[in-house]
1. Since THR207 meets every condition but one in (1) hydroxyl-bearing (Ser, Thr, Tyr); (2) touching a strand residue (DSSP E or B) at 6+ places or on another chain (Cβ under 8 Å); (3) over 30 Å from LEU348 (Cβ atoms), which condition does it not meet?
2. From the list VAL147, VAL169, VAL201, exactly one residue is farther than 20 Å from ALA234 by Cα and surrounded by fewer than 24 Cβ atoms within 10 Å (Cβ to Cβ). Which is it?
3. With the requirement that a residue be more than 23 Å from ASP607 (Cα to Cα) and crowded, with 18+ Cβ neighbours inside 10 Å, what does region 519-547 give you?
4. If I go through region 359-411 residue by residue, how many of them are within 10 Å of the ligand (Cβ to nearest atom) and either among the hydrophobic types (A, V, I, L, M, F, W, C) or not in a loop (DSSP other than H, G, I, E, B) (or both)?
5. Could you list all residues from region 567-620 that are in a loop (DSSP other than H, G, I, E, B) and open to solvent by less than 40 Å² (accessible area, probe 1.4 Å)?
6. Go through (1) surrounded by fewer than 14 Cβ atoms within 10 Å (Cβ to Cβ); (2) in a strand (DSSP E or B); (3) not hydrophobic (A, V, I, L, M, F, W, C) one by one and return the number of the condition TYR81 breaks.
7. When you check LYS180 against the structure, is it basic (Lys, Arg) and either under 27 Å from GLY371 (Cβ atoms) or in contact with a helix residue (DSSP H, G or I) (Cβ under 9 Å, 6 or more places away or on another chain) (or both), yes or no?
8. Do we find that THR416 is without any contact (Cβ under 8 Å) to a residue 40 or more places away in the chain, open to solvent by 10 Å² or more (accessible area, probe 1.4 Å), part of a loop (DSSP other than H, G, I, E, B) and within 16 Å of the ligand (Cβ to nearest atom) in this structure?
Amino acid sequence: MVYKINNLQEYQREYAASVENPEAFWAKQAERFQWKKKWDCVLDWNFSEPDVKWFFGGKLNITENCLDRHLLNKGDKIAFYWEPNDSAEARRSITYRELHTEVCKFSNVLKSLGVKKGERICIYMPMIPEVVVAVLACARVGAIHSVVFAGFSASSLSDRINDAKADLVITSDGSFRGNKTIAIKDIVDEALENSPGVKNVVVYKRTSQPVTMKPGRDLWWNELIEKASPEHEAEPVESEDPLFILYTSGSTGKPKGVVHTTAGYMVFAEYSFTNVFQCNEDSIYWSTADIGWITGHSYIVYGPLLAGVTSVLFEGIPTYPNPGRFWDVVDKYRVTHFYTAPTAIRALMACGLEYVTPYKLDSLQVLGSVGEPINEEAWHWYDDHVGKNKCPIVDTWWQTETGGILISPLAGITKTKPSYATLPLPGVQPVIVDSEGNELKGNNVEGNLCIKFPWPSIIRTTYGDHERCRQTYFSTYKNLYFTGDGCRRDEDGYYRILGRVDDVINVSGHRMGTAEVENAINEDETVIESAVVGFPHDIKGQGIYAFVICEDPELDHETVRQSVLATVTRIIGPIAKPDKIQVVRGLPKTRSGKIMRRILRKVAEGDVSNLGDISTLLDPGVVEEIKKGALVPLKG
Ligand code: WTA
């Protein structure tokens, strides 16, 4: 068994071995790491409860594998180059040894605040080196981190803090994003009005804007760390102890806390990173994701550090100070491996080539895509203008719940095909099923994507509600993990992800539940009821189309729109703002009160040529009214 696959034959051999004897395969991969105690049992699992245990009985600390393990040979290697939002500000670089020291110091800070193993800590921070320090220090003391994307509203933050029962919040005074300065600490203060369980808030000084520090609760990072010792012995944790919680949207209810545990996640994050990206000793890797998403966890923090690679960490946004920023950063650091989302590619494509051609981009070797299906036009633009037709594109399919990349080309090894995630990684056994759950064998089939065997970083539970985990992922089809995605396997056995088949929409690579957006809209004082669907959007992949019934039917529509936008921003955050808001008098409901969403989807897509059977509607007349008021040109 090899660690880094070098060619297609090796991939095929490894894949076969991983299916034949998964335990032997993963045990071999796990041996590379530092263990405080070796595991007793490689794998124990069932998908009915579900109960999955990898490397059971082992003890370790993931940060020893990210940091301590590299000190001897790579201590002076750069772990991160940090590129600030404003390129005129001094950039920073941090070596593995320096990162180790900072993490040890902050671990001691956490200990001094009384943090115990298993305690939940919420991190709400901008993209600065300290967010990595905070994440790793939590892991080092055995606490469970829950990072919340710093674009979420106070109300979303508070919900996540309460669900995880976090005692401590780590944040900053403010953050710089493009030409905006965001008052992060004020948002935390507002959130904490509804989260009385939080005992302490540690605040990193980033913008030096004025903030209110609540005595006895709020403490400055910068002061605490000055006094902290740089020596810290990592806390041993069990293989199956939770490493983190990350909230993600589903088709129903509030976002759920996806729980990942330590050893399996570690092994798979490193294995997938190494094999998909194929970095070497001199690579400069850059993922443009935010730490608040799973890509930030697995492929900014854990994967690259476990592999001992040098990365770029970027605070800003792709369009500031202009849409050439990504390419400027690539040239500046001579980035070799670049990983971004299709929505960013499409947005930059729309800005024109004049922002790309001034840059050399000759350091690039591998390009990656993640988060949503990449359309062929964007794929070719990326290939032609960024990769100059010499960089393989790895279209990586995975999910918050999968912890790591499951289906993707291995850079330079798997032949790519635009819009195809291509082939499963070793250890990953995808199946495509029809709506009854029958496996569709062979090639040229289309259906729902499931995985039939556990891989090491599979979701273990949803925090505080195991039944929800079972219901959502393991109950649709017996003995299968259901991804929620539609998928096609073509004549070459290549996988193409077709998008969600449930009520989850993917807006600019951000996952959102339509029910979640509806709940937020319904909080608006002008609205009685709403229904939300996704529609194809040139840049965002999917846009949000909301149909709303108003309290006062005479109210001016622009007033309603502004009010709804403000409410959604307040309750979820700006990422959930609907692109289109149509005021309607009624929604197409069946006699049992269910909204017939397919009709609304058709209207939002502008294609009403075939609405199917609408005779079961309580009032078929509402369909005509909705069609008349549609905010897109309708065909059919
Ligand atoms: C979608 C992001 C097509 C998919 C890592 C999945 C993709 C959801 C791809 C998970 C891809 C992610 N091609 N679709 N390469 N990558 N998706 O949890 O619908 O934010 O179910 O994880 O994004 O989104 P999440």
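The values are calculated or read from the model by the stated rules, or taken from the named source; none is laboratory data. The structure presented is a predicted model; accordingly, all values stated were derived computationally and were not measured. Cβ atoms come from the backbone with ideal geometry, glycine included; neighbour counts cover every protein chain shown. Surface accessibility is based on the protein's heavy atoms, side chains included, excluding ligands, DNA and RNA. Shrake-Rupley method; radii C 1.70, N 1.55, O 1.52, S 1.80 Å.
1. For THR207, the exception is condition (3).
2. Selected residue: VAL201, the only one of VAL147, VAL169, VAL201 that is farther than 20 Å from ALA234 by Cα and surrounded by fewer than 24 Cβ atoms within 10 Å (Cβ to Cβ).
3. Selection gives ALA520, ILE521, ASP524, THR526, VAL527.
4. Residues that pass the stated criteria total 15.
5. Of everything in region 567-620, those that are in a loop (DSSP other than H, G, I, E, B) and open to solvent by less than 40 Å² (accessible area, probe 1.4 Å) turn out to be ILE572, GLY573, PRO578, GLY586, LEU587, PRO588, MET596, GLY606, VAL608, LEU611.
6. (1)
7. Considered against the rule, which asks whether it is basic (Lys, Arg) and either under 27 Å from GLY371 (Cβ atoms) or in contact with a helix residue (DSSP H, G or I) (Cβ under 9 Å, 6 or more places away or on another chain) (or both), LYS180 comes out as yes.
8. yes
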